[in-house]
Structure formats: C-alpha cells, structure tokens
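Remarks on the structure that follows.
Bear in mind these aren't lab numbers, they're just calculated from the coordinates by the rules spelled out. Values in this document were obtained by computation on a predicted structure and should not be read as measured data. Don't worry about glycine lacking a Cβ; one is built from the backbone with ideal geometry, like all the others, and counts go over all protein chains shown.
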Amino acid sequence: LSTLLLCRLPLPPPPLSRPRSLLRPPYRSQICSSLCSPAFLPPNHAPRHVAPLLKRQQELQNLDGFEEEPPTHVPVLLQDVLEAFRGRKLGLFVDCTLGAGGHACAIVREHPEMETFVGLDVDPLAHTVASPNLQAAVDFRSTNSTTNSHLKVHLFRTNFRNIKCKLEQLELNLAQRGVDGILMDLGMSSMQLDAAERGFSLQKDGPADMRMDPLLNLKADDILNSWPEAEVARLLREYGEESRWRHFAQKIVEARLAGGIHSTSQLLEVIHNSISRKVSGRQGWKKSAIRIFQALRIAVNDELESLTEALSDAFTCLAPKDKI
C-alpha cells in the first residue's frame, strides 16, 4: 500500500536553472520582472516552481494606491517590513531613513490608525522625492480610510542619531506613550548611487565626495589627500575589512605626489594599478574597490557612531513591547 501511495504522489517541481543565490533579494524582483515579460511566459501559464516569484511580483504591483501607476522605486524588503509591523497598532511611527518614501508610503496606507508620522533623513534629495510621494499616500488614506483620524506628518532633515532630540521638540509626551514603531533601513539608496556627482558609484565618474549630508565638512577627497597613512590604513582595515589595507593605504598616499586623488575614476585607477593580475585575478581588484569605497563612505558620514547613538536613543523612546 505504501508503495502504491508513493507512486501516486506528484513529482517534485524541477529546479530553476538559475543559482539559488539569485532567488534572494535584490535579484528576486529582477527575475520576477523577466519571468512576467511577454518574451518569457504569461503569468497564468507559469510552471509551479516559478509561481512563488510571480506571486511576489504581483504583491508589489497590487499595493493599495498604486494599481494604476506603480511607484518608480519599490524597496526590496518592502513586504518583509510591512509584515514586521503587521497586526500592531502604530499610533506614533518613526522612519529614521526616509529615502524616497517607499517604506513610509506603504506603512501609512496599511495603518489607518496612525496618528503621527515622523520621517528623518540627512539627504535633501530624499526629502524632495519623498515629500510628494508621502503626500499622495496621505491623500489616498484620507479618501479610502473608514476612520476619522487625522495623520500629522513631521519631516526633519537630520541624521537619525538625533531621533530623541527631534521627538522631544514635537512634545509628544514620550514618557507616557512612547513610540509604537521605528524603522531603520541602513546603507545607501539607489538615488545616491545614480547621482554621479555624489561620488558613491564605482560605475560613474564623479568627485570624491561621498557625503550623504551635503552640509558636512569632511569629504572623501580630504581623507584621500590629507589624512596620515596610518589613519587611512586604519579605516580600510576597520570599515572596509580589506585584507591588503597597508598596501592600499601606501598607494593612496603615494598618489598624492602625482597630484592626488580627486575623483572616483582616479581612485579606481589607483586601486586597479595597485594589484597585479596574478594576485587578484580578472575581477579581484573590483572587490577591493567596493570595500575601499565602503570604508571611505562610512568614515565620511560617521555611520557606525551615528548608528550606535541612534539605537541607544531609539530604545529609550520606544514604548514597552513595541518594535524597531
């Protein structure tokens, strides 16, 4: 009997031809887009092993308020963020990294009980992009919500290390109620990478800047052309986790004799010329370049210290049993 039952069980779906790593973000949404294209297969004719990917793509396309005109940018982990706060009453919510407003808009639409939304971001471009998107989400909520609660929106151009200070300015009586939810989406945004003049991208030539806040005094240019070799080596080791940190620090300092490093293309040239092909392979120098760019960005924006302060103050502002 057991043999007969086993014979009747359906065969497992065939594996995808792509590596399993490509099924994880950020590649998953790209795969979904290609699978849904007419050149591949209509969604309703997709094989069973592709169905979860198509379902994910349809979830992103069918978010409330965007059925007719999808947003230009959908955060990769949007559904995961929404699920993290689903079922919780978010009367007061803080988005510490507003960005283009992708997370903020979705959370505002999904939580009609929300009374106060606070958004923080040091990047003026983020506020320029996010403000109209967030206003559209608020308008949609007021039109479609069954509740009569009015949402108060407060946006601050500041580092999220100042979360406690900004909340105290609003006089929200945190001692009694506390914040119901806090979101921190760490790292760079696509807006910053796409702007060559910001100096974050390895693919576009631009000034050696790397400031998330244009009002900061320190630039990557200053580190590359004036910091002592020992300090450059330290940040490559600690912030970039680069194994050849001494070697690259020496080459960066030596480049100052030829006029210094003032653009991303010049920095890439120094990195490329610092490693022999026998040691690095065909693509090895690019991995070092990514680590060095990361180290400079973290140093310029004081990212680790900002995160340490932000987490400490965020926990003191959070209501009991609520979530960051």
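If the Kirkwood radius is taken over C-alpha pairs of the stretch 148-207, then at 37 °C and 0.692 mPa s the Stokes-Einstein diffusion coefficient equals 220 µm²/s. In summary, the stretch 92-150 shows an alpha-carbon radius of gyration equal to 1.08 times the 2.2 N^0.38 Å reference for compact globular proteins. Over all other residues within a Cβ to Cβ distance under 13 Å of Ala130, the charged ones net out to -3, with Lys and Arg as +1 and Asp and Glu as -1. Rounded to whole Å, the principal axis extents of the Cα atoms in the stretch 192-285 read 41, 28, 27, largest first. Between Glu168 and Leu186, the modelled labels are 2.5 nm apart [label points 7 Å from Cα along Cα→Cβ].
With a simple spin-label model that places each label point 7 Å from the Cα along the Cα-to-Cβ direction, the separation between His262 and Ala319 comes to 5.5 nm. Among residues other than Glu171 with Cβ under 15 Å from its Cβ, the summed charge is +2 (Lys and Arg +1, Asp and Glu -1). Rounded to whole numbers, the Karplus 3J(HN,Hα) couplings from phi for the stretch 316-322 are 6, 8, 6, 5, x, 6, 9 Hz, using 6.51 cos²θ - 1.76 cosθ + 1.60 with θ = phi - 60°, and x at Gly and Pro. Computed across the stretch 243-324, the Kirkwood hydrodynamic radius from all distinct Cα-Cα pairs reaches 15.3 Å. FRET efficiency for the pair Arg234 and Leu193, taken as 1/(1 + (r/R0)^6) with r the Cβ-Cβ distance and R0 = 25 Å, rounds to 0.45. Using the Cβ of Glu241 as centre and a radius below 13 Å, the other residues enclosed give a net charge of +3, where K and R count +1 and D and E count -1. A Förster distance of 51 Å, applied to the separation of the beta-carbon atoms of Gln203 and Arg177, puts the FRET efficiency at 0.65. Pairs exceeding 25 Å between alpha-carbon atoms, taken from Lys89/Lys152; Lys164/Lys219; Lys287/Lys323; Lys164/Lys323; Lys204/Lys287: Lys164/Lys219; Lys287/Lys323.
When the P(r) of the stretch 125-240 is calculated, the portion above 20 Å amounts to 63% of the C-alpha pairs. Set the Förster distance to 30 Å, then compute FRET efficiency between Asp213 and Leu77 from the Cβ-Cβ distance, nearest 0.05. The value I calculate is 0.80.
The protection proxy used here, the mean number of other Cβ atoms lying within 10 Å of each residue, ranks peptides 78-84, 250-256 as follows, highest first: 250-256, 78-84.
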